[in-house]
Amino acid sequence: MSSRPEIQAPPEIFYNDDEARKYTSSSRIIEIQAKLSERALELLALPEDGVPRLLLDIGCGSGLSGETLTESGHQWVGLDISQSMLDVAVEREVEGDLILGDMGQGLALRPGVVDGAISISAVQWLCNADKSSHDPRKRLKAFFESLYRSLSRGARAVLQVYPENVAQRELILSFAMRAGFAGGIVVDYPHSSKSRKEYLVLTCGPPSLSSATPQGIGEDADCSNDESSEDEENQAVCVSDRHRPRKKQKLNKKTKGRQWVLKKKEQMRKKGNAVPPDSRYTARKRKDHF
Ligand SMILES: C[S@@+](CC[C@H](N)C(=O)[O-])C[C@H]1O[C@@H](n2cnc3c(N)ncnc32)[C@H](O)[C@@H]1O
(Lines give C-alpha, C1' and ligand atoms only; values in the text may rest on other atoms or scores of the structure.)
Protein backbone atom coordinates (compact mmCIF):
# COMPACT_ATOMS: atom_id res chain seq x y z
CA MET A 1 0.00 0.00 0.00
CA SER A 2 1.20 3.53 -0.77
CA SER A 3 2.73 5.34 2.16
CA ARG A 4 1.06 8.57 1.06
CA PRO A 5 -1.73 9.29 3.57
CA GLU A 6 -3.70 11.09 0.83
CA ILE A 7 -4.19 7.74 -0.94
CA GLN A 8 -5.28 5.86 2.16
CA ALA A 9 -8.38 7.73 3.32
CA PRO A 10 -10.04 11.16 3.31
CA PRO A 11 -8.22 13.53 5.69
CA GLU A 12 -11.02 13.67 8.28
CA ILE A 13 -10.95 9.87 8.44
CA PHE A 14 -7.17 9.38 8.19
CA TYR A 15 -6.50 11.89 10.98
CA ASN A 16 -8.74 10.17 13.54
CA ASP A 17 -8.17 10.31 17.31
CA ASP A 18 -5.38 7.71 17.23
CA GLU A 19 -3.54 9.16 14.27
CA ALA A 20 -3.86 12.73 15.60
CA ARG A 21 -2.20 11.70 18.86
CA LYS A 22 0.46 9.61 17.16
CA TYR A 23 1.23 12.47 14.74
CA THR A 24 1.54 15.07 17.45
CA SER A 25 3.71 12.97 19.78
CA SER A 26 6.29 11.96 17.18
CA SER A 27 9.49 13.89 17.83
CA ARG A 28 10.52 13.37 14.20
CA ILE A 29 7.29 14.91 12.90
CA ILE A 30 7.48 17.78 15.40
CA GLU A 31 10.99 18.60 14.21
CA ILE A 32 10.16 18.36 10.47
CA GLN A 33 6.98 20.42 10.73
CA ALA A 34 8.79 23.11 12.74
CA LYS A 35 11.52 23.37 10.09
CA LEU A 36 8.99 23.56 7.26
CA SER A 37 7.00 26.22 9.10
CA GLU A 38 10.11 28.31 9.81
CA ARG A 39 11.04 28.19 6.15
CA ALA A 40 7.48 29.11 5.11
CA LEU A 41 7.54 32.06 7.49
CA GLU A 42 10.87 33.16 6.05
CA LEU A 43 9.45 32.98 2.50
CA LEU A 44 6.42 34.97 3.65
CA ALA A 45 8.85 37.89 3.98
CA LEU A 46 6.78 39.90 6.43
CA PRO A 47 8.11 43.36 7.28
CA GLU A 48 10.62 43.17 10.13
CA ASP A 49 9.04 45.95 12.16
CA GLY A 50 8.03 44.00 15.25
CA VAL A 51 4.32 44.46 14.49
CA PRO A 52 2.34 41.24 15.05
CA ARG A 53 0.45 40.18 11.91
CA LEU A 54 -2.73 38.15 11.53
CA LEU A 55 -1.81 34.97 9.68
CA LEU A 56 -3.80 32.05 8.41
CA ASP A 57 -2.61 28.45 8.81
CA ILE A 58 -4.45 26.27 6.28
CA GLY A 59 -4.62 22.62 7.34
CA CYS A 60 -3.29 23.61 10.75
CA GLY A 61 -3.77 20.13 12.24
CA SER A 62 -2.86 19.92 15.91
CA GLY A 63 -1.08 23.27 15.77
CA LEU A 64 2.54 22.25 15.16
CA SER A 65 2.92 24.76 12.32
CA GLY A 66 0.95 27.39 14.23
CA GLU A 67 3.39 27.19 17.12
CA THR A 68 6.13 28.59 14.89
CA LEU A 69 3.86 31.55 14.09
CA THR A 70 3.23 32.14 17.80
CA GLU A 71 6.95 31.93 18.58
CA SER A 72 7.55 34.61 15.95
CA GLY A 73 5.10 36.91 17.71
CA HIS A 74 2.20 36.65 15.25
CA GLN A 75 -1.46 35.92 15.77
CA TRP A 76 -3.04 33.20 13.72
CA VAL A 77 -6.23 31.51 12.72
CA GLY A 78 -6.02 27.81 11.85
CA LEU A 79 -8.39 25.87 9.65
CA ASP A 80 -8.59 22.10 9.52
CA ILE A 81 -11.03 19.44 8.35
CA SER A 82 -10.14 16.93 11.08
CA GLN A 83 -11.99 17.35 14.37
CA SER A 84 -9.50 14.98 16.04
CA MET A 85 -6.52 17.12 15.01
CA LEU A 86 -8.28 20.25 16.28
CA ASP A 87 -9.14 18.49 19.57
CA VAL A 88 -5.44 17.80 20.12
CA ALA A 89 -4.69 21.45 19.28
CA VAL A 90 -7.18 22.55 21.95
CA GLU A 91 -5.66 20.12 24.50
CA ARG A 92 -2.24 21.54 23.74
CA GLU A 93 -3.62 25.04 24.38
CA VAL A 94 -2.31 26.53 21.15
CA GLU A 95 -2.62 30.30 20.87
CA GLY A 96 -4.41 30.40 17.51
CA ASP A 97 -8.16 30.52 16.90
CA LEU A 98 -9.32 27.27 15.34
CA ILE A 99 -11.92 26.69 12.63
CA LEU A 100 -13.28 23.29 11.62
CA GLY A 101 -13.69 23.46 7.86
CA ASP A 102 -12.83 22.13 4.44
CA MET A 103 -10.50 24.36 2.41
CA GLY A 104 -11.92 22.77 -0.75
CA GLN A 105 -15.19 24.52 -0.07
CA GLY A 106 -13.48 27.89 0.14
CA LEU A 107 -12.40 29.92 3.15
CA ALA A 108 -15.26 31.80 4.75
CA LEU A 109 -13.22 34.83 5.79
CA ARG A 110 -13.87 38.52 5.30
CA PRO A 111 -12.09 40.01 2.26
CA GLY A 112 -8.59 41.31 2.88
CA VAL A 113 -8.46 40.42 6.59
CA VAL A 114 -5.30 38.33 6.68
CA ASP A 115 -1.76 39.66 6.34
CA GLY A 116 -0.31 36.35 5.14
CA ALA A 117 -1.04 32.64 4.96
CA ILE A 118 0.96 29.48 5.36
CA SER A 119 0.05 25.89 4.76
CA ILE A 120 2.28 23.00 5.70
CA SER A 121 1.81 19.57 4.10
CA ALA A 122 -1.89 20.03 3.44
CA VAL A 123 -2.89 21.48 0.04
CA GLN A 124 -2.00 18.34 -1.99
CA TRP A 125 -4.98 16.67 -0.31
CA LEU A 126 -7.21 18.72 -2.63
CA CYS A 127 -5.97 16.72 -5.63
CA ASN A 128 -7.83 13.63 -4.40
CA ALA A 129 -11.53 13.08 -5.00
CA ASP A 130 -12.69 11.46 -1.77
CA LYS A 131 -16.42 11.62 -2.52
CA SER A 132 -18.42 11.23 -5.71
CA SER A 133 -19.30 14.91 -5.39
CA HIS A 134 -15.62 15.91 -5.25
CA ASP A 135 -14.03 17.46 -8.32
CA PRO A 136 -10.40 18.40 -7.50
CA ARG A 137 -10.46 21.21 -10.07
CA LYS A 138 -13.55 22.81 -8.55
CA ARG A 139 -12.12 22.42 -5.07
CA LEU A 140 -8.77 23.96 -6.02
CA LYS A 141 -10.63 26.83 -7.71
CA ALA A 142 -12.80 27.48 -4.64
CA PHE A 143 -9.77 27.30 -2.35
CA PHE A 144 -7.47 29.63 -4.28
CA GLU A 145 -10.17 32.16 -5.13
CA SER A 146 -11.22 32.43 -1.49
CA LEU A 147 -7.60 32.56 -0.33
CA TYR A 148 -6.94 35.41 -2.75
CA ARG A 149 -9.99 37.30 -1.45
CA SER A 150 -9.06 36.87 2.21
CA LEU A 151 -5.52 38.26 1.82
CA SER A 152 -4.72 41.95 1.94
CA ARG A 153 -3.28 43.36 -1.31
CA GLY A 154 0.43 42.63 -1.65
CA ALA A 155 0.28 39.88 1.01
CA ARG A 156 1.84 36.49 0.43
CA ALA A 157 0.72 32.90 0.86
CA VAL A 158 3.41 30.23 1.22
CA LEU A 159 2.12 26.72 0.76
CA GLN A 160 4.47 23.80 1.36
CA VAL A 161 3.13 20.89 -0.66
CA TYR A 162 3.88 17.26 -1.44
CA PRO A 163 2.50 16.83 -4.95
CA GLU A 164 2.43 13.21 -6.02
CA ASN A 165 3.77 13.99 -9.50
CA VAL A 166 4.45 16.76 -11.99
CA ALA A 167 0.82 16.84 -13.12
CA GLN A 168 -0.38 17.53 -9.56
CA ARG A 169 2.19 20.29 -9.11
CA GLU A 170 1.08 21.90 -12.37
CA LEU A 171 -2.59 21.53 -11.45
CA ILE A 172 -2.14 23.25 -8.09
CA LEU A 173 -0.01 26.03 -9.53
CA SER A 174 -2.33 26.64 -12.47
CA PHE A 175 -5.35 27.17 -10.20
CA ALA A 176 -3.34 29.56 -8.03
CA MET A 177 -2.44 31.61 -11.12
CA ARG A 178 -6.02 31.58 -12.39
CA ALA A 179 -7.22 32.98 -9.08
CA GLY A 180 -4.99 36.00 -9.72
CA PHE A 181 -1.85 35.16 -7.73
CA ALA A 182 1.61 35.91 -9.03
CA GLY A 183 4.56 33.80 -7.97
CA GLY A 184 5.99 30.36 -8.45
CA ILE A 185 7.58 27.36 -6.80
CA VAL A 186 10.68 27.40 -4.63
CA VAL A 187 12.38 24.01 -4.32
CA ASP A 188 14.75 23.41 -1.43
CA TYR A 189 17.33 20.65 -1.66
CA PRO A 190 16.42 19.78 -5.26
CA HIS A 191 19.15 17.15 -5.44
CA SER A 192 18.02 15.14 -2.46
CA SER A 193 15.07 12.80 -2.84
CA LYS A 194 14.79 12.69 0.96
CA SER A 195 15.05 16.38 1.79
CA ARG A 196 13.56 17.95 -1.33
CA LYS A 197 10.78 20.34 -0.34
CA GLU A 198 8.49 22.47 -2.46
CA TYR A 199 6.84 25.75 -1.56
CA LEU A 200 4.35 27.68 -3.62
CA VAL A 201 5.18 31.28 -2.96
CA LEU A 202 2.20 33.37 -4.04
CA THR A 203 1.58 37.08 -3.94
CA CYS A 204 -1.83 38.66 -3.96
CA GLY A 205 -2.18 41.53 -6.40
CA PRO A 206 -0.73 42.41 -9.78
CA PRO A 207 2.81 41.17 -10.62
CA SER A 208 5.45 43.56 -9.33
CA LEU A 209 9.01 43.46 -8.06
CA SER A 210 7.78 42.30 -4.66
CA SER A 211 5.82 39.45 -6.25
CA ALA A 212 8.92 37.93 -7.85
CA THR A 213 9.53 34.43 -6.49
CA PRO A 214 12.26 34.73 -3.85
CA GLN A 215 15.75 33.65 -4.72
CA GLY A 216 17.34 31.52 -2.07
CA ILE A 217 20.50 29.83 -0.99
CA GLY A 218 22.55 28.30 -3.83
CA GLU A 219 20.40 29.82 -6.53
CA ASP A 220 22.99 29.07 -9.23
CA ALA A 221 22.80 25.35 -8.52
CA ASP A 222 21.80 23.00 -11.28
CA CYS A 223 18.07 22.33 -10.90
CA SER A 224 17.97 19.34 -13.14
CA ASN A 225 16.26 17.27 -10.43
CA ASP A 226 19.10 14.79 -10.20
CA GLU A 227 18.05 12.68 -7.28
CA SER A 228 21.20 10.59 -7.22
CA SER A 229 22.92 12.97 -4.79
CA GLU A 230 21.88 12.81 -1.16
CA ASP A 231 24.41 15.46 -0.17
CA GLU A 232 22.58 17.76 2.20
CA GLU A 233 25.60 20.02 2.47
CA ASN A 234 24.81 20.96 -1.08
CA GLN A 235 21.81 22.98 0.01
CA ALA A 236 20.18 24.63 -2.94
CA VAL A 237 17.00 26.37 -3.69
CA CYS A 238 15.66 26.29 -7.18
CA VAL A 239 12.99 28.60 -8.32
CA SER A 240 10.47 28.18 -11.04
CA ASP A 241 8.74 31.46 -11.55
CA ARG A 242 5.46 32.03 -13.18
CA HIS A 243 2.99 34.82 -13.55
CA ARG A 244 -0.32 34.90 -15.24
CA PRO A 245 0.11 34.49 -19.00
CA ARG A 246 1.11 37.76 -20.58
CA LYS A 247 -0.51 39.06 -23.71
CA LYS A 248 1.22 37.62 -26.76
CA GLN A 249 4.06 39.81 -27.94
CA LYS A 250 4.42 40.50 -31.62
CA LEU A 251 7.71 38.73 -32.09
CA ASN A 252 7.78 38.51 -35.88
CA LYS A 253 7.58 42.21 -36.60
CA LYS A 254 10.16 42.77 -39.34
CA THR A 255 12.59 45.65 -38.89
CA LYS A 256 12.96 48.09 -41.78
CA GLY A 257 16.00 47.32 -43.92
CA ARG A 258 19.06 49.46 -44.79
CA GLN A 259 17.60 50.43 -48.17
CA TRP A 260 14.48 51.83 -46.54
CA VAL A 261 16.53 53.87 -44.06
CA LEU A 262 18.81 55.27 -46.80
CA LYS A 263 15.77 56.26 -48.86
CA LYS A 264 14.17 58.00 -45.86
CA LYS A 265 17.38 59.85 -45.09
CA GLU A 266 17.60 61.02 -48.70
CA GLN A 267 14.01 62.27 -48.58
CA MET A 268 14.78 64.20 -45.35
CA ARG A 269 17.88 65.76 -46.93
CA LYS A 270 15.82 66.88 -49.94
CA LYS A 271 13.44 68.58 -47.55
CA GLY A 272 16.41 70.52 -46.15
CA ASN A 273 16.71 68.65 -42.85
CA ALA A 274 20.10 68.06 -41.21
CA VAL A 275 20.69 64.31 -41.54
CA PRO A 276 23.86 62.46 -40.42
CA PRO A 277 25.99 61.14 -43.29
CA ASP A 278 25.50 57.52 -44.33
CA SER A 279 28.05 55.09 -43.03
CA ARG A 280 28.53 51.35 -42.60
CA TYR A 281 26.68 51.69 -39.29
CA THR A 282 23.53 53.12 -40.87
CA ALA A 283 20.53 50.83 -40.16
CA ARG A 284 22.77 48.26 -38.50
CA LYS A 285 20.90 46.08 -36.00
CA ARG A 286 21.65 47.19 -32.47
CA LYS A 287 22.59 44.80 -29.73
CA ASP A 288 19.70 43.75 -27.47
CA HIS A 289 20.95 45.65 -24.42
CA PHE A 290 20.30 48.94 -26.22
C1 LIG B 1 0.28 16.54 7.55
S2 LIG B 1 -0.97 17.39 8.44
C3 LIG B 1 -0.14 18.93 8.75
C4 LIG B 1 -0.71 19.65 9.93
C5 LIG B 1 0.03 20.92 10.32
N6 LIG B 1 0.05 21.88 9.24
C7 LIG B 1 1.44 20.59 10.77
O8 LIG B 1 2.37 21.16 10.19
O9 LIG B 1 1.59 19.80 11.67
C10 LIG B 1 -2.12 17.82 7.14
C11 LIG B 1 -3.37 18.47 7.67
O12 LIG B 1 -4.15 18.95 6.57
C13 LIG B 1 -5.51 18.77 6.91
N14 LIG B 1 -6.35 18.80 5.72
C15 LIG B 1 -6.32 17.94 4.66
N16 LIG B 1 -7.29 18.27 3.78
C17 LIG B 1 -7.93 19.34 4.27
C18 LIG B 1 -9.01 20.13 3.81
N19 LIG B 1 -9.65 19.84 2.68
N20 LIG B 1 -9.40 21.20 4.53
C21 LIG B 1 -8.76 21.50 5.71
N22 LIG B 1 -7.75 20.77 6.21
C23 LIG B 1 -7.32 19.71 5.50
C24 LIG B 1 -5.52 17.43 7.62
O25 LIG B 1 -6.69 17.23 8.38
C26 LIG B 1 -4.26 17.52 8.43
O27 LIG B 1 -4.50 18.01 9.72
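Would you confirm whether or not region 5-22 contains a residue that is assigned by TED's automatic domain parsing to the domain that holds L79, in contact with a strand residue (DSSP E or B) (Cβ under 8 Å, 6 or more places away or on another chain), outside any loop (DSSP other than H, G, I, E, B) and within 14 Å of the ligand (Cβ to nearest atom)? No, every residue in region 5-22 fails to be assigned by TED's automatic domain parsing to the domain that holds L79, in contact with a strand residue (DSSP E or B) (Cβ under 8 Å, 6 or more places away or on another chain), outside any loop (DSSP other than H, G, I, E, B) and within 14 Å of the ligand (Cβ to nearest atom). Confirm whether L140 is under 20 Å from the mean Cα position of the chain (by Cα), closer than 29 Å to D188 by Cβ and free of Cβ contacts under 8 Å to residues at least 60 places away in the same chain. When the stated conditions are applied, L140 passes them. The residues of region 42-80 that are in contact (Cβ under 8 Å) with a residue 40 or more places away in the chain and either among the aliphatic types (A, V, I, L, M) or not assigned by TED's automatic domain parsing to the domain that holds E91 (or both), listed by number, are L43, L44, A45, L46, L54, L55, L56, I58, L64, L69. In region 126-169, the qualifying residues are those that are surrounded by fewer than 17 Cβ atoms within 10 Å (Cβ to Cβ) and aliphatic (A, V, I, L, M), and the one that is farthest from T213 (Cα to Cα) is A129. Scanning region 105-120 for residues that are surrounded by 23 or more Cβ atoms within 10 Å (Cβ to Cβ) and within 9 Å of the ligand (Cβ to nearest atom) gives I118, S119, I120.
Kindly evaluate E38 against the criterion of being under 23 Å from T203 (Cα atoms) and away from the ligand (no atom under 13 Å from the Cβ). It is false that E38 is under 23 Å from T203 (Cα atoms) and away from the ligand (no atom under 13 Å from the Cβ). Residues in region 1-29 that are loosely packed, with under 14 Cβ neighbours inside 10 Å and of a type in the set (A, V, I, L, M): M1, I7, I13.
For region 105-118, a tally of residues being in contact with a helix residue (DSSP H, G or I) (Cβ under 8 Å, 6 or more places away or on another chain) and in contact (Cβ under 8 Å) with a residue 60 or more places away in the chain returns 4.
Conditions (1) on the phi < 0 side of the Ramachandran plot; (2) hydrophobic (A, V, I, L, M, F, W, C); (3) in contact with a Phe, Trp or Tyr (Cβ under 6 Å, 6 or more places away or on another chain), marked per residue:
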| position | (1), (2), (3) |
| --- | --- |
| R21 | yes, no, no |
| A40 | yes, yes, no |
| A45 | no, yes, no |
| I58 | yes, yes, no |
| T68 | yes, no, no |
| G73 | no, no, no |
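What pairs come up if the first residue lies in region 16-29 and is within 12 Å of L64 (Cβ to Cβ), the second is among the acidic types (D, E) and in a helix (DSSP H, G or I), and their beta carbons are under 8 Å apart, counting only those six or more places apart or on different chains? Close Cβ pairs (under 8 Å, with a partner that is among the acidic types (D, E) and in a helix (DSSP H, G or I)) amount to A20/D87.
The values are calculated or read from the model by the stated rules, or taken from the named source; none is laboratory data. Please read all numbers here as calculations on a predicted model, not as lab measurements. Glycine gets a Cβ as well: all are built from the backbone with ideal geometry, and neighbour counts include every protein chain shown.
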